[in-house]
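Supplied in structure tokens, the structure appears directly below.
We did not get these values from a lab; they are worked out from the coordinates using the rules stated. All of these numbers come straight from a predicted model, not from anything done at the bench. Virtual Cβ from ideal backbone geometry, glycine too; neighbours counted across all protein chains shown.
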Amino acid sequence: MREFLSNWLRELSKLSEDDEAATSIEYAMIAGTVTLAIVFALSDIEESMRAIYTAVGKGFN
């Protein structure tokens, strides 16, 4: 999924070099892509934190 997002951002950066760039649709696509990237980053953090809490919990048992 991250590869897809990086390819998508690369294509969007090509659009921004165009003279007629910066339409509302492009801004909406950029906002959606950034939102997805943040959500996926937070889900990765959640998994690593879950592993830490599980390890700490096992240490108390």
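Please compute the modelled spin-label separation between residue 23 and residue 37, points set 7 Å along Cα→Cβ, answer in nm with one decimal.
Placing both labels 7 Å along Cα→Cβ, they lie 2.3 nm apart.
Between residue 47 and residue 13, with labels modelled 7 Å along Cα→Cβ, what's the label distance in nm to one decimal, could you check?
2.6 nm
Can you compute 3J(HN,Hα) from phi for each residue in the range 49-58, using the Karplus curve 6.51 cos²θ - 1.76 cosθ + 1.60 with θ = phi - 60°, rounded to whole Hz and x for Gly and Pro?
For the range 49-58, the Karplus curve yields 5, 4, 5, 5, 5, 5, 5, 5, x, 5 Hz.
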